[in-house]
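Everything on this sheet refers to the single structure shown next.
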Protein chains: 2
Amino acid sequence: MSEQPRSIIAGAESDRADLVAATTAAAAAFGSYRATTPEQRGAFLDSVADEIEADKVAIVEAAVAESHLPEPRLAGEVGRTTGQLRMFAGVVRRGDHLGVRIDPALPDRAPLPRAEIRQRHVALGPVAVFGASNFPLAFSTAGGDTASALAAGCPVVVKGHPAHPRTGFLVARAIGRAVEKHGLPPGTFSFLLEVDGQRGIDLGQKLVADPRIKAVGFTGSRGGGLALVAAAAARPEPIPVYAEMSSINPVVVLPGALGGDVAALATAYVGSLTLGSGQFCTNPGLLFLPRGEAGDAFLAAAAAAVREAAGAPMLTPAIAAAYASGTERLRGAEGVRVIAEGSGADGAPAPQLVEAAALGAPVTDEVFGASGVVVRYDDVDDLLPHLESLEGQLTATVHATDRDAPAARALLPVLELRVGRILFNGWPTGVEVGHAMVHGGPFPATSDSRGTSVGSLAIERFQRPVAYQDVPADVLPEAVRDDNPWGLVRRIDGELQLP
Amino acid sequence: MSEQPRSIIAGAESDRADLVAATTAAAAAFGSYRATTPEQRGAFLDSVADEIEADKVAIVEAAVAESHLPEPRLAGEVGRTTGQLRMFAGVVRRGDHLGVRIDPALPDRAPLPRAEIRQRHVALGPVAVFGASNFPLAFSTAGGDTASALAAGCPVVVKGHPAHPRTGFLVARAIGRAVEKHGLPPGTFSFLLEVDGQRGIDLGQKLVADPRIKAVGFTGSRGGGLALVAAAAARPEPIPVYAEMSSINPVVVLPGALGGDVAALATAYVGSLTLGSGQFCTNPGLLFLPRGEAGDAFLAAAAAAVREAAGAPMLTPAIAAAYASGTERLRGAEGVRVIAEGSGADGAPAPQLVEAAALGAPVTDEVFGASGVVVRYDDVDDLLPHLESLEGQLTATVHATDRDAPAARALLPVLELRVGRILFNGWPTGVEVGHAMVHGGPFPATSDSRGTSVGSLAIERFQRPVAYQDVPADVLPEAVRDDNPWGLVRRIDGELQLP
């Protein structure tokens with residue numbers, strides 16, 4: 001029997017003692033974990049991916065049972081999760097996130113000489129991660145927040161999502177094996193679990209309030225995110241909270257886009273709207289459609305597609321109940337009329353499409369699920385005030401052809417200030433993991449628009465800069481040494497230099 | 001008489017109407033100001049510097065009268081201010097802050113093609129700036145926060161500091177002329193003023209609460225900074241607050257550093273401690289000194305230098321009063337004994353040096369002014385727990401020789417987690433404006449350790465990323481076009497490419 005201490009991986013309810021043990025272990029692990037070289041940290045992240053793949057069958061089986069999502073979708077999500085981990089392994093090995101800058105000394109400068117100053121980013125400290133209900137893998141235990149925090153050099157304490165406790169446990173156990181394999185301190189990763197709703201909320205609040213936690217990643221509801229933001233603001237020491245919360249992801253159909261196969265466009269829209277029962281943060285919940293015959297044809301085709309759509313079981317009874325009350329509130333709002341409804345069943349509520357005469361609550365409140373609102377408009381002058389009235393969003397989609405270019409150019413600056421990602425002639429569901437992706441946006445899409453929770457830029461959320469002035473060469477950290485042992489891109493006297 | 005609307009530059013008390021006018025104008029200016037090209041924005045920042053230089057004599061005269069700081073110091077501060085503006089002009093012209101990333105489309109990727117995704121940073125929106133009492137120029141109306149926010153493309157509303165209203169007004173007027181000269185919207189820059197203490201605090205709170213303000217820069221006291229952090233957290237839409245607040249800037253003298261000219265070292269320390277009556281955020285308020293004969297000799301020499309030092313008039317009566325009460329509280333603390341006192345006068349309180357047997361409040365509370373605390377230690381094992389007990393700091397200084405390298409290497413990781421800048425064999429007062437500088441640090445040195453308020457990295461505090469997916473070439477913003485018209489450094493598929 002091994003005497004080596006292991007990561008805290010809770011298989012059942014965690015209590016206050018587990019929480020303190022996890023954050024204490026994370027704080028103890030921080031020093032040696034952040035001191036890992038790019039190669040060591042990259043190899044560890046690769047191992048996390050390998051260990052998850054090794055348990056893929058069991059993980060997918062648990063996730064199917066717990067989330068009601070289809071097997072192919074969850075098998076794909078494993079690939080997305082491991083791909084993300086391997087992408088961060090590459091980022092860390094290249095070391096770009098270290099952001100090295102060197103201003104050489106100018107001993108002869110008048111009237112005063114200039115000291116030598118070097119800069120690099122260091123990790124913030126232990127990070128608390130709250131996974132999402134709708135992505136039990138890619139936005140959860142080993143999801144983007146965990147991967148980017150670990151890549152930055154931060155130990156992670158995950159509060160497992162109560163909607164998929166066994167999936168979370170299995171993934172956490174895989175991460176724990178990678179921690180052990182690389183001889184990292186056990187506090188590098190911990191997993192806490194509490195399936196009871198209120199006790200889970202309490203555990204989350206205590207985790208964010210714990211003084212050893214230095215940043216928070218969250219994906220979920222606006223209420224849940226704002227509660228964590230408030231808990232963080234109430235700490236003696238404020239910490240960043242990256243909460244990805246709510247978005248209705250407006251879609252603008254410009255007139256030219258109705259010049260082609262309107263029925264195909266409408267069907268594709270409904271496909272995105274009803275995908276996964278609409279349980280995506282990027283679900284296109286609001287669509288602006290030109291008035292007139294072509295728009296009418298689009299709406300008729302969309303209505304037909306919605307009528308043919310069947311609701312799939314939602315992730316949890318609570319989400320199904322929230323969908324029911326949200327759609328009821330929406331249908332009861334002034335100026336809202338129901339265009340079409342699909343078929344539903346118990347726990348698998350019907351998709352719906354409504355038309356609204358005007359914006360504002362509850363029309364612009366997120367209804368998590370396959371509920372679409374259509375707003376008709378006359379021309380771009382009519383459209384812009386609508387867009388300007390919207391809150392912050394994760395995405396905005398524009399359907400346009402060449403002849404819409406002037407209108408599209410007028411929309412772009414308005415959308416830029418309201419969303420994290422602008423996409424043309426596609427659908428917002430499906431968030432590519434890459435270097436240029438932004439999955440974020442102004443409040444209330446997120447609590448902090450300066451970051452992204454998907455893509456390699458996500459690592460920057462968990463770092464801060466430190467300057468080293470006239471530090472002797474044999475004391476300097478490797479990242480900022482003149483001989484550049486890690487082959488980093490560096491900014492020398494303001495100019496970027498490739499290694 | 002010109003009909004052109006002018007920037008709001010208050011020469012006397014501003015009221016609620018001025019505030020709303022300023023933030024409304026800032027919001028109205030945002031669209032066209034952020035759309036300026038790198039060259040246009042760079043030229044504007046250069047003009048701000050030129051206009052300040054044109055009024056240099058009057059500005060320095062006002063600043064001398066209002067701050068009691070010596071003329072050469074303030075003349076130098078004008079140079080620092082204009083140099084900073086010109087540095088940001090260069091940063092903007094090069095466009096590195098745009099952080100362009102392009103992930104090309106992969107139409108043949110299996111199982112799904114990859115969309116083309118581009119990314120750049122956009123400005124957050126109007127920024128409220130609160131200047132410092134102790135740097136009426138370089139950390140005030142046209143200081144680092146204003147320069148970096150304008151460089152990022154954010155309109156700025158300054159709340160002028162009540163300790164130097166005329167200086168602020170003259171600088172604001174110079175900025176206003178540059179705004180006019182470049183045909184920018186008047187709301188690009190506004191200056192509000194309220195010299196009454198309580199009314200000024202109210203004005204500041206209202207400014208931070210104004211929904212048109214999207215970020216805050218502040219330099220000042222911990223109380224003032226935390227009040228603005230609380231005001232921002234109480235908004236329906238939370239916004240970033242970059243408050244640079246308090247720091248006692250620990251200095252560690254390692255044994256080897258006492259092997260040379262101990263008296264010269266002690267005199268240099270007292271020079272930094274008493275510079276500008278100690279009214280620097282980087283004032284070295286806490287010094288760790290080895291026990292033993294060499295340490296005794298250092299302390300004796302430092303005591304002699306303090307006894308010879310005379311207090312200069314402090315910036316304001318309130319600051320002098322806070323120094324008096326702070327030093328009194330320190331002297332009354334358990335285990336604190338006074339080592340030396342300089343000469344003082346009304347409004348020019350005496351510098352002091354005390355020795356403390358242990359750390360903790362009030363010994364580690366910032367006393368803004370020339371008050372130094374010395375703590376003796378036996379060896380590095382004795383020193384580390386002291387350093388680990390400290391709150392976040394702007395700087396940490398180490399005095400060491402080659403033979404101290406092992407100890408210095410042991411200190412470095414501890415200091416990295418507690419400070420924004422680590423310097424060796426110098427003094428923390430004097431913050432170089434450059435590309436590698438960090439003037440920031442963990443709480444309570446600042447409210448947000450992810451940024452710096454000095455140096456070119458400061459621009460990143462006022463930006464957020466936006467992604468463009470499959471946006472047609474003739475709709476794309478210039479910054480992310482394939483032909484790279486601005487000659488930017490770009491990250492293509494994850495790899496940095498120089499233009």
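The values are calculated or read from the model by the stated rules, or taken from the named source; none is laboratory data. No experiment lies behind these values; they were computed from the predicted model shown. Glycine also receives a Cβ, built like all others from the backbone with ideal geometry; neighbour counts cover every protein chain displayed. Ligands, DNA and RNA are excluded from the accessible area calculation, which covers all protein heavy atoms including side chains. Shrake-Rupley method; radii C 1.70, N 1.55, O 1.52, S 1.80 Å.
So the values come out like this:
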read-out	value
Yes/no for B:GLN119 being polar (S, T, N, Q), open to solvent by 40 Å² or more (accessible area, probe 1.4 Å) and touching a residue at least 40 places away in the same chain (Cβ under 8 Å)	no
Single residue of A:GLY344, A:GLY292, A:GLY311 found to be farther than 22 Å from A:GLY224 by Cα, at pLDDT below 95 and more than 28 Å from the chain's Cα centre (by Cα)	A:GLY344
Residue selected from region A:59-84 under the condition small (Gly, Ala, Ser) and open to solvent by less than 50 Å² (accessible area, probe 1.4 Å), by the criterion farthest from A:GLY434 (Cα to Cα)	A:ALA62
Condition met for A:LEU170 (over 18 Å from A:ASP50 (Cα atoms), in contact (Cβ under 8 Å) with a residue 60 or more places away in the chain and in contact with a helix residue (DSSP H, G or I) (Cβ under 9 Å, 6 or more places away or on another chain))	no
Odd one out for A:VAL251 among (1) assigned to a helix (DSSP H, G or I); (2) closer than 30 Å to A:ASP404 by Cβ	(1)
Those residues of region B:6-34 which are open to solvent by 20 Å² or more (accessible area, probe 1.4 Å), within 14 Å of another protein chain (Cβ to nearest Cβ) and in contact with a Pro (Cβ under 7 Å, 6 or more places away or on another chain), in sequence order	B:ALA27, B:ALA28, B:GLY31, B:SER32
When residues of region A:100-116 are limited to those that are more than 8 Å from chain B (Cβ to nearest Cβ) and touching a residue at least 60 places away in the same chain (Cβ under 8 Å), the one farthest from the chain's Cα centre (by Cα)	A:ALA105
Residue, nearest to the chain's Cα centre (by Cα), within region B:379-407, restricted to residues that are open to solvent by less than 20 Å² (accessible area, probe 1.4 Å) and hydroxyl-bearing (Ser, Thr, Tyr)	B:THR395
Residue within region A:39-54 that is open to solvent by less than 70 Å² (accessible area, probe 1.4 Å) and without any contact (Cβ under 8 Å) to a residue 40 or more places away in the chain present	no
Failed item in (1) assigned to a strand (DSSP E or B); (2) open to solvent by 30 Å² or more (accessible area, probe 1.4 Å); (3) small (Gly, Ala, Ser), with B:GLY372 passing the rest	(2)
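Each row is one residue, and each column tells you yes or no for (1) among the aliphatic types (A, V, I, L, M); (2) more than 21 Å from A:ARG80 (Cβ to Cβ); (3) in contact (Cβ under 8 Å) with a residue 60 or more places away in the chain.
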{"site": "A:VAL475", "(1), (2), (3)": "yes, yes, no"}
{"site": "A:ALA479", "(1), (2), (3)": "yes, yes, yes"}
{"site": "A:TRP486", "(1), (2), (3)": "no, yes, yes"}
{"site": "A:ASP493", "(1), (2), (3)": "no, yes, yes"}
